[in-house]
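These notes concern the structure reproduced below.
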Amino acid sequence: MDKLLYYAIKYWIKIGLHTYYQQIGIEGLQNIPKNKPILFLSNHQNALLDILIIATHCSRKPWYLTRSDVFKGKMLKDFFRFLQMLPIYRIRDGKAALAKNAAIFDFCGQLLSKNEAILLFPEANHNLKRRVRPLSKGFTRLLQSAFLVNEKLEMYLQPVGQNYKRPTQIGDSCKIIYGEPISVSPEDVKDKTNIETLKTKVSFALKNLTVHVPEEDRYETILHHLDTEKVDYLSPAMVNKRIQQGFLGTPKQTRSNKKIKVTKILLAVLNLPVCLVWKFVVKPKVPELEFLDTFRFMFALLAFSFGYLILFCALIWFYPPLTILIALISHYFLNFVLIKVMP
């Protein structure tokens, strides 16, 4: 029963993602080792959506290490544990809380010794900037815990590049690229020198799987150049090559696209009550820009799923069920088409 519920939630979210995004591209699924212990290591730009996209478009059923502040209340803790999410504690949670990580790492070591898969974000934070930030050593501690359980494990690191065309905007597109797996042994995490070498290898892999602007002091200028040239951010190899070539002069001003505004107006009119609740009730509560997309997606998923159900139950007293179903499916289809035709 639990397995059935897990996959029901997974495909409900997957359908929602394919409605919310204009396009979701997946590359490199064949690179993921089967029936082997794996650490999925991904760059982290878009908060919870980074997890959801991998979780619903992956050949494995990974566990997820998630910031501890989302585990508030027993119901949420139980629900997140059901979804195979585990809390990870940071300095901001207090020094006392950091001690709890030891038990989490031990548990992860046990999972990996059973050929399970775990997803974590080695940058240890999220940021919308198109660059791979310095990696923490957290994932190497998981490896050490796993090798303590079984030093003969055939362990792999699976680098994952997440790329978004225009994050935080409605009708965005994304691409997930699974790179070549990295085989690791106890030797790779036995001392600081080897750990730094492994971190460098993972960082290099991630920088090739996602758009990486290396010059942080010129980040905005380089990004402006890329936007002016209208590069395809879903093709990181091409964009990174363009960055390496360098830019001359001052980037030109880009013009706004009126078609996008027209599409947004049509979407707002078609979904006016939902848009008003989002704008005046939910959106003001978004804690930071990196969470905007996550809040909007989760709000839309719940609002439309339960909204359609409530409308069906209310209208069934006045209209035939088939008529109501046709009307609701038509409304959903119009939303779907408007998202897909956004420039």
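For the chain, the relative contact order is 21 percent, taking Cα pairs closer than 8 Å that sit 6 or more residues apart in sequence and dividing their mean separation by the residue count. A protection proxy built from the mean count of other Cβ atoms within 10 Å ranks the segments 312-323, 26-37, most packed first, as 26-37, 312-323. Remark: spin-label model distance ALA237-GLN169 equals 2.6 nm, labels positioned 7 Å along the Cα→Cβ axis.
In terms of its Cα atoms, the range 1-143 spans 42, 41, 32 Å along the principal axes, sorted from long to short.
On a 27 Å Cα-Cα criterion, which of the cross-link pairs LYS34/LYS199; LYS14/LYS36; LYS201/LYS230; LYS10/LYS192; LYS95/LYS137 come out too long? The answer is LYS201/LYS230; LYS10/LYS192. Taking all protein chains together, THR250, THR210, THR200, THR228 sort by accessible area into THR250, THR200, THR228, THR210, largest first [probe 1.4 Å].
Straight Cα distances below 20 angstrom link LYS285 to the lysines LYS72, with same-chain residues fewer than 8 positions distant left out. Rolling a 1.4 Å probe over the heavy atoms of the protein chains gives the chain an accessible area of 55 Å² per residue.
Quick check: the angle from helix 138-149's long axis to the longest principal axis of the chain, C-alpha only, nearest 10 degrees? Around 60 degrees separate the two axes.
Once the Cα atoms of helix 2-20 and of the chain are each reduced to a long axis, what angle between those two axes, in degrees from 0 to 90 to the nearest 10, is obtained? Taking the Cα atoms of the chain, the angle to 2-20 is about 60 degrees. For the range 80-206, the alpha-carbon coordinates run over 46, 34, 29 Å along the three principal axes, in decreasing order.
Place a point 7 Å from Cα of GLN245 in the direction of its Cβ. Which residues in the range 186-228 have their backbone N less than 12 Å from it? So the set is 226. In a fully extended conformation the segment linking LEU29 and ALA102 would gain 23.1 nm over its present Cα-Cα distance, using 0.36 nm per residue. Close amide H partners of ARG166, meaning residues 5 or more places away or on another chain with modelled amide H under 5 Å apart, are SER173.
If you take the alpha carbon atoms of the range 264-343 and fit the smallest convex hull around them, that volume is 102 Å³ per residue. Set against the 2.2 N^0.38 Å expectation for a compact globular protein, the chain has a Cα radius of gyration ratio of 1.08.
How far is helix 219-228 tilted off the main Cα axis of the chain, in degrees rounded to 10, range 0 to 90? So the inclination is approximately 50 degrees. Accessible-area rank, largest first, for LYS14, LYS152, LYS199: LYS152, LYS14, LYS199, with all protein chains present and a 1.4 angstrom probe. Protein heavy-atom surface of the chain, 1.4 angstrom probe: 63% of the accessible area is carbon and sulfur, with nucleic acids and ligands not counted. The GluC sites (Glu not before Pro) of the range 198-277 that meet both conditions, a loop assignment by DSSP and at most 10 other Cβ atoms within 10 Å of the site Cβ, are GLU215.
Given R₀ = 51 Å, what would the calculated FRET efficiency be for THR193 paired with SER330, taking r from the Cβ atoms and rounding to 0.05? The pair THR193/SER330 has a calculated efficiency of 0.20.
The values are calculated or read from the model by the stated rules, or taken from the named source; none is laboratory data. None of these values were measured; they are calculated from a predicted model. FYI the Cβ positions are ideal-geometry reconstructions off the backbone, even for glycines, and counts take in every protein chain you see. Accessible surface areas use protein heavy atoms only, side chains included; no ligands, DNA or RNA. Shrake-Rupley method; radii C 1.70, N 1.55, O 1.52, S 1.80 Å.
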